[in-house]
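Chemist: My questions will all concern the structure given below.
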Amino acid sequence: MRLAVVLILFSLIFSSCGISKKELLILENNYKDELVKLDSQLVDLRKSNYELTLNNYQKQGSIATFEFVQKSLSGQA
């Protein structure tokens, strides 16, 4: 008898610890919204990274060209 009462009490306690379906849907929607926001940020950062990489390559090319012209003008080429 005591075991049955203890089991009933435990089942009541643990069944009330769960979250409702409404709360679960709210959390799921918040998660999806956050995922979309982070995905958008990732796309923006990748675009920025690509643009900075291109800019870096252009500057490296400009430096190489400048050094070549400088050597040519100084007679070291």
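Chemist: Taking each pair of distinct Cα atoms in the stretch 20-74 once, what is the resulting Kirkwood hydrodynamic radius in Å? Don't jump to the answer; show the numbers that get you there.
Modeler: On the way: mean 1/r = 0.0666 Å⁻¹.
Kirkwood hydrodynamic radius for the stretch 20-74: 15.0 Å.
Chemist: Label Ser40 and Ile63 with points 7 Å out from Cα along Cα→Cβ: what is the distance between them in nm?
Modeler: Here the modelled spin labels are 3.7 nm apart.
Any read-out appearing in this document is the output of simple, stated calculations on the displayed coordinates, not a laboratory observation. All values derive from a computational prediction rather than experimental measurement. Don't worry about glycine lacking a Cβ; one is built from the backbone with ideal geometry, like all the others, and counts go over all protein chains shown.
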